[in-house]
Amino acid sequence: MAVSRIVLLGPPGSGKGTQGKRLAAECGMPQISTGDLLRRAVKAGTELGQMAQRYMNAGQLVPDDVMLGLIREVLANAASSGFILDGFPRTIAQAEGLDVMLVEIVQPVQRALLLDVDGEVLVRRISGRRVCANCGTNQAPAADGTPAAVGTRCPNCGGELIQRDDDREETVRKRLGVYDQQTAPVVAYYAAQRKLARVDGDQPVDDVYAAMLSALSN
Ligand code: AMP
């Protein structure tokens, strides 16, 4: 695959994390998920984590200057081997800041992939999502929509399945509103740079993945 610097865009629950992990594993590139980085900081109780947690639990975005500082640190180690950015940039200020950083190292973003999914589908999908407290793997609801019971075991590692605080329905609706207001303009930003490819994210996961690969090879 010729493209090695990729931004994954899409509303919360559109499948960025799942698809980004698979793409990273199969293409040998690091997946950089700012949500995962923040959750790790929260778990470790660092200063960043304590500050970020308030915003995350309220379904709001962590301030741009904090996020740009975090991504600058991570990219310093990753940019040369390419990257899949998952959950960043989420505002125009972050997209512009990222462009400035990457121009400095002559490694511009090559493709922005948008996973397109309708809002009501997402509310059902995210509020039924369970996550392993140990390995972080998402456990989707059963085919009839019934969520896995909280407290049951992760099929991957045997850890406990929990519901993320920010996956509760009212917080999900707030996160979708934040996405419409602050992150949807980032889609237009990459479209204007002629880097945007749209993928229908409301299909079986393997079909979404195949559509992503095809969008990346065009
Ligand atoms: P995610 O797992 O990507 O949905 O991120 C979970 C939460 O972390 C978001 O709802 C935000 O509060 C915060 N977050 C993650 N990435 C960013 C970002 N690029 N800018 C601001 N906040 C972020």
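The values are calculated or read from the model by the stated rules, or taken from the named source; none is laboratory data. Just so it is clear, the structure is predicted and the values come from calculations on it, not from any experiment. All Cβ positions, glycine included, derive from the backbone under ideal geometry; neighbour counts span all protein chains shown.
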Next item on the list: Could you please let me know if LEU48 is buried (at least 19 other Cβ atoms within 10 Å of the Cβ) and either of a type outside the set (Lys, Arg) or closer than 20 Å to VAL178 by Cα (or both)?
Entry: no
Item checked: Residues of the range 115-128 classified as away from the ligand (no atom under 14 Å from the Cβ), touching a residue at least 40 places away in the same chain (Cβ under 8 Å) and assigned to a loop (DSSP other than H, G, I, E, B), total -> 1
Check: If ALA210 satisfies every condition in (1) in a strand (DSSP E or B); (2) without any contact (Cβ under 8 Å) to a residue 24 or more places away in the chain but one, which is the exception?
Finding: (1)
Next item on the list: Go through the range 147-156 and give me each residue that's exposed (fewer than 14 other Cβ atoms within 10 Å of the Cβ) and either under 20 Å from PRO204 (Cα atoms) or under 22 Å from the mean Cα position of the chain (by Cα) (or both).
Entry: PRO155, ASN156
Notebook entry, point to check: Is it true that some residue in the range 174-190 is surrounded by fewer than 19 Cβ atoms within 10 Å (Cβ to Cβ), over 30 Å from GLU96 (Cβ atoms) and out of contact with any Lys or Arg (no Cβ under 9 Å at 6 or more places or on another chain)?
Noted result: no
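Please state which one of ASP207, ASP144 is charged (D, E, K, R) and exposed (fewer than 12 other Cβ atoms within 10 Å of the Cβ).
Values: ASP207 fails: exposed (fewer than 12 other Cβ atoms within 10 Å of the Cβ).
Among ASP207, ASP144, only ASP144 is charged (D, E, K, R) and exposed (fewer than 12 other Cβ atoms within 10 Å of the Cβ).
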Notebook entry, point to check: Of these, ALA148, ALA112, ALA191, which one is assigned to a strand (DSSP E or B), more than 13 Å from the ligand (Cβ to nearest atom) and either of a type outside the set (Lys, Arg) or more than 25 Å from ARG54 (Cβ to Cβ) (or both)?
Noted result: ALA112
Notebook entry, point to check: Just checking, which of LEU61, LEU9, LEU38 is closer than 22 Å to GLY82 by Cβ, modelled with pLDDT of 95 or more and not hydroxyl-bearing (Ser, Thr, Tyr)?
Noted result: LEU9
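Only one of these is at pLDDT 95 or above, surrounded by fewer than 16 Cβ atoms within 10 Å (Cβ to Cβ) and not basic (Lys, Arg): GLU96, GLU104. Name it. Spell out the reasoning first.
Details: GLU104 fails: at pLDDT 95 or above.
Answer to the check: GLU96.
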Margin query: I'd like the full set of residues that are farther than 15 Å from THR91 by Cα and either in contact with a strand residue (DSSP E or B) (Cβ under 8 Å, 6 or more places away or on another chain) or of a type in the set (Asp, Glu) (or both), limited to the range 172-192.
Written below: none
